[in-house]
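Engineer: What follows is a structure written as structure tokens; I'll ask about it next.
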């Protein structure tokens, strides 16, 4: 499975170069120099190893300069490496095999029946082995995303859905699969993927809101994903949105988790109907006009619109990506959400541009792959 390569240290400037080409490529050398504050000579020196190792390619369309021969823009050679991304939940692991722009080439899934770290590592290793068998050029790295707090992309400090604290997950998985492994909070990883490869590519400021088992919030400002020591605490899941709404598990009335999460929506409809209902059934009933389901999804839509208005007003972004395995809510409550957003926003403010990423768990896994791509390009891959 392992690439026949060894790691080498890469300077901060080289890492920044790799990042700019990955996000913005194909990009001219002149623009790269402007963005990074590098002279043409420095740019040539820094880009040479990436070109020699096949990580960069000179794009076909030349950029005509004011003088001299046309300069070919730089881009990432997307097929130079294969990456695996794995998204963990309390119930299953979803994985994708990708290229260097996180395009999913193969996907697989495994149930998680035992939350003991050793048992989960077995599931992850089995999933990675299946996906690696689909690669014709080895695997350069593995990214794993998880709901919770992560330290140094190595240790899971806290993962409520799995009941974990202080699990050295990267080390445990590396021992099994023999390639570099990096761990990241799932919303942070997804936000990175949306910035680099998704609907928000090219935006230097935007927000991500995820709806699923919980509610997540990610933010990019000045072309950087915002992280703090509290990243992974799920703070975006407890914004107060409806004083008359249900309680979340922590006792907050009408917070974003209580109003928008899949378990809460299913519970509200199930209690009213006197039976268990699945999320897909709730959405189907709502689309058919069932009064109970419609009432719950409309309330969720209003709460989502208020949340979007809070984010746009306070973070002062005008682009939001909606994602997560529960975002099909938008199909039945999008109009209600837009109306609530408009009601809580100054009519003269810039309209909020909303992008829907409805790929579900594949998007989460692509986010995990983005973490590994970032790490792989931060380590020059040199032949042995």
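Engineer: For segment 6-41, how many residues are modelled with pLDDT of 90 or more and more than 26 Å from the chain's Cα centre (by Cα)?
Structural biologist: Selection size over segment 6-41: 11.
Engineer: If you don't mind, another one. Taking residue 267 as meeting all but one of (1) surrounded by 20 or more Cβ atoms within 10 Å (Cβ to Cβ); (2) in a helix (DSSP H, G or I), write down the number of the exception.
Structural biologist: Looking at each condition in turn, residue 267 falls short on (1).
Engineer: Another question about this same structure. Condition test on residue 358, is it surrounded by fewer than 17 Cβ atoms within 10 Å (Cβ to Cβ) and over 16 Å from residue 286 (Cβ atoms)? Walk me through it before giving the result.
Structural biologist: Details: surrounded by fewer than 17 Cβ atoms within 10 Å (Cβ to Cβ): yes; over 16 Å from residue 286 (Cβ atoms): yes.
When the stated conditions are applied, residue 358 passes them.
Engineer: Would you point out which residue out of 224, 275, 201 is at negative phi, out of contact with any strand residue (DSSP E or B) (no Cβ under 9 Å at 6 or more places or on another chain) and in contact (Cβ under 8 Å) with a residue 40 or more places away in the chain?
Structural biologist: Of 224, 275, 201, the one residue that is at negative phi, out of contact with any strand residue (DSSP E or B) (no Cβ under 9 Å at 6 or more places or on another chain) and in contact (Cβ under 8 Å) with a residue 40 or more places away in the chain is 201.
Engineer: Return the residues of segment 38-63 that are in contact with a helix residue (DSSP H, G or I) (Cβ under 9 Å, 6 or more places away or on another chain) and farther than 23 Å from residue 82 by Cβ; say none if nothing qualifies. Lay out the reasoning, then the answer.
Structural biologist: Taking segment 38-63 as the starting set, the residues that turn out to be in contact with a helix residue (DSSP H, G or I) (Cβ under 9 Å, 6 or more places away or on another chain) are 38-40, 42-44, 46-47, 49-50, 55-58, 63.
Matches in segment 38-63: 38, 39, 40, 42, 43, 44, 46, 63.
Engineer: Further, regarding this structure: Tell me which residues, restricted to segment 59-79, are modelled with pLDDT of 90 or more and either under 30 Å from residue 364 (Cβ atoms) or outside any loop (DSSP other than H, G, I, E, B) (or both).
Structural biologist: Those that are modelled with pLDDT of 90 or more and either under 30 Å from residue 364 (Cβ atoms) or outside any loop (DSSP other than H, G, I, E, B) (or both): 74, 75, 76, 77, 78, 79.
Engineer: Filter the helices (runs of 4 or more DSSP H) completely within segment 283-384 down to those with at least 1 residues that are farther than 16 Å from residue 212 by Cβ and without any contact (Cβ under 8 Å) to a residue 60 or more places away in the chain.
Structural biologist: Ranges flagged: 291-315, 329-343.
This table checks each residue for (1) within 16 Å of the chain's Cα centre (by Cα); (2) modelled with pLDDT of 95 or more.
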residue	(1), (2)
81	no, no
85	yes, yes
95	yes, yes
102	yes, no
110	no, yes
116	no, yes
120	no, yes
138	no, no
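Engineer: Can you tell me which residue is nearest to residue 89 (Cα to Cα) among those in segment 363-384 that are modelled with pLDDT of 90 or more and out of contact with any helix residue (DSSP H, G or I) (no Cβ under 8 Å at 6 or more places or on another chain)?
Structural biologist: 365
Engineer: Taking the conditions exactly as written (touching a strand residue (DSSP E or B) at 6+ places or on another chain (Cβ under 7 Å), at pLDDT 95 or above and not assigned by TED's automatic domain parsing to the domain that holds residue 153), does residue 316 satisfy them or not? Steps first, please.
Structural biologist: Working: touching a strand residue (DSSP E or B) at 6+ places or on another chain (Cβ under 7 Å): no; at pLDDT 95 or above: yes; not assigned by TED's automatic domain parsing to the domain that holds residue 153: yes.
No, not satisfied.
Engineer: Could you list all residues from segment 194-211 that are modelled with pLDDT under 95 and either in contact with a helix residue (DSSP H, G or I) (Cβ under 6 Å, 6 or more places away or on another chain) or farther than 30 Å from residue 26 by Cβ (or both)?
Structural biologist: Selection gives 196, 200.
The values are calculated or read from the model by the stated rules, or taken from the named source; none is laboratory data. Here the structure is a predicted model, which is why all the values come from computation and not from measurement. Backbone-built Cβ (ideal geometry, glycine too); neighbour counts: all protein chains shown.
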